[in-house]
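*Asks:* My structure is below; once you've seen it, I'll send some questions.
The values are calculated or read from the model by the stated rules, or taken from the named source; none is laboratory data. Just so it is clear, the model here is predicted, and its values are computed rather than measured. Backbone-built Cβ (ideal geometry, glycine too); neighbour counts: all protein chains shown.
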Amino acid sequence: MVPAVASRLVLEWNPNDPDTVKVHYDLSGWSVDQRAELAEALAEAEVAHVWEGAEVVVPEELEGRADELFEQMEAVLGPFAVALADDDAGVEFGLDQWPPADRQTLAQALIEREIPHRWDGPTLIAATDAETTVDELLDGIEQGTLVLASGPGATAPEGALDVLFSVSDRLARDADDRSGRDDLHDILEQVDAAVPPYGVGVGVWARAVDAARRLDDLVVEDSSSSSDIIGAAQALRSIVRQLVA
């Protein structure tokens, strides 16, 4: 759960003071995991903030620092969904009978096409003026004709996150672990940085795959030291740990 208040500097800032000028950032298009990562980043950067529902609020004097942090986070975690306007009731599409992979494909398509929307469980609420476009997307997924950059309905191999965590943990303990090295190489032949497991953001998944590839490069390089391999394995483990159940 995202904490209601974070950062040491919040002790010096009273968000309830009526004279305080505050800046609101609407994060309704962000997933829970993305918001959690942002909360951690704000705390590490010591940017005072509070959460008001799906909005994060910072004091006006820290707006510049917050903007810079948001740009960094979007580069890592984005792109993000475009939020549905407050004055748009939207059009509902019940997708509870759809496989998770198809809903993931639709979610990616909506983001790529910058269609304002939000999710209520398996129900999609899309912008009223985008109803025809969403219908076309749904038809394309059902007919198998919708092609995204990562392919229609594509997801990472089942258990990929568990494998990455396992090999990173083993190599972080023992740089010469042969099965860890072999499993790392095998899983990297199966994954694509642009195709995350269901429920995982493309940005953070790409970071994990890039870290795994850096580790694999060190493993196959004869001149790599054990400390280099262990350090890279620890870096991968820290990324994947937050993604595994």
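*Asks:* Any idea how many residues of segment 120-139 are buried (at least 17 other Cβ atoms within 10 Å of the Cβ) and either within 22 Å of D86 (Cα to Cα) or without any contact (Cβ under 8 Å) to a residue 40 or more places away in the chain (or both)? Let's see the steps before the verdict.
*Replies:* Step one: filter segment 120-139 for residues buried (at least 17 other Cβ atoms within 10 Å of the Cβ), giving 124-127, 130, 134, 137-138.
Filter once more, so that each one left must be either within 22 Å of D86 (Cα to Cα) or without any contact (Cβ under 8 Å) to a residue 40 or more places away in the chain (or both): 124-127, 130, 134, 137.
Within segment 120-139, residues that are buried (at least 17 other Cβ atoms within 10 Å of the Cβ) and either within 22 Å of D86 (Cα to Cα) or without any contact (Cβ under 8 Å) to a residue 40 or more places away in the chain (or both) number 7.
*Asks:* Next question. Just need a number here: residues in segment 182-202 that are surrounded by fewer than 20 Cβ atoms within 10 Å (Cβ to Cβ) and either among the basic types (K, R) or more than 17 Å from D162 (Cβ to Cβ) (or both).
*Replies:* Here the count works out to 4.
*Asks:* Which of the residues spanning segment 188-203 are over 23 Å from P99 (Cβ atoms) and touching a Leu at 6+ places or on another chain (Cβ under 7 Å)?
*Replies:* Of everything in segment 188-203, just one residue is over 23 Å from P99 (Cβ atoms) and touching a Leu at 6+ places or on another chain (Cβ under 7 Å), namely G203.
*Asks:* When segment 49-76 is examined, which residues are found to be under 15 Å from V21 (Cβ atoms), surrounded by fewer than 17 Cβ atoms within 10 Å (Cβ to Cβ) and among the small types (G, A, S)?
*Replies:* G64
*Asks:* So the check is Cβ under 9 Å with 6+ separation or different chains; which pairs have a first residue in segment 6-24 that's of a type in the set (D, E, K, R) and a second one that's modelled with pLDDT of 80 or more and in a helix (DSSP H, G or I)?
*Replies:* R8/A43; K22/E60
*Asks:* Would a scan of segment 77-90 turn up a residue that is of a type in the set (F, W, Y), within 22 Å of the chain's Cα centre (by Cα), under 26 Å from D135 (Cβ atoms) and surrounded by 13 or more Cβ atoms within 10 Å (Cβ to Cβ)? Spell out the reasoning first.
*Replies:* Our first condition is that a residue be of a type in the set (F, W, Y); within segment 77-90, this holds for 80.
Those still in the list that are within 22 Å of the chain's Cα centre (by Cα) too: 80.
Then keep just the ones that are under 26 Å from D135 (Cβ atoms); that gives 80.
Now drop any that are not surrounded by 13 or more Cβ atoms within 10 Å (Cβ to Cβ), which leaves 80.
Checking segment 77-90: at least one residue is of a type in the set (F, W, Y), within 22 Å of the chain's Cα centre (by Cα), under 26 Å from D135 (Cβ atoms) and surrounded by 13 or more Cβ atoms within 10 Å (Cβ to Cβ).
*Asks:* Looking only at residues in segment 223-245 that are part of a loop (DSSP other than H, G, I, E, B) and of a type in the set (A, V, I, L, M, F, W, C), which one is nearest to V200 (Cα to Cα)?
*Replies:* Here is the first cut: in segment 223-245, the ones part of a loop (DSSP other than H, G, I, E, B) are 223-225, 242-245.
With of a type in the set (A, V, I, L, M, F, W, C) added as a condition, the list becomes 243-245.
On the way: L243: 7, V244: 10, A245: 12 Å.
Looking at residues that are part of a loop (DSSP other than H, G, I, E, B) and of a type in the set (A, V, I, L, M, F, W, C), I get L243.
*Asks:* Looking at this structure, is Q72 within 27 Å of D216 (Cβ to Cβ) and either at pLDDT below 80 or in the same structural domain as D26 (by TED's automatic domain parsing) (or both)? Let's see the steps before the verdict.
*Replies:* Working: within 27 Å of D216 (Cβ to Cβ): yes; either at pLDDT below 80 or in the same structural domain as D26 (by TED's automatic domain parsing) (or both): yes.
The answer is yes for Q72.
*Asks:* Looking at (1) of a type in the set (G, A, S); (2) farther than 18 Å from V91 by Cα; (3) part of a helix (DSSP H, G or I); (4) at pLDDT 85 or above, find the lone condition where A130 falls short.
*Replies:* (2)
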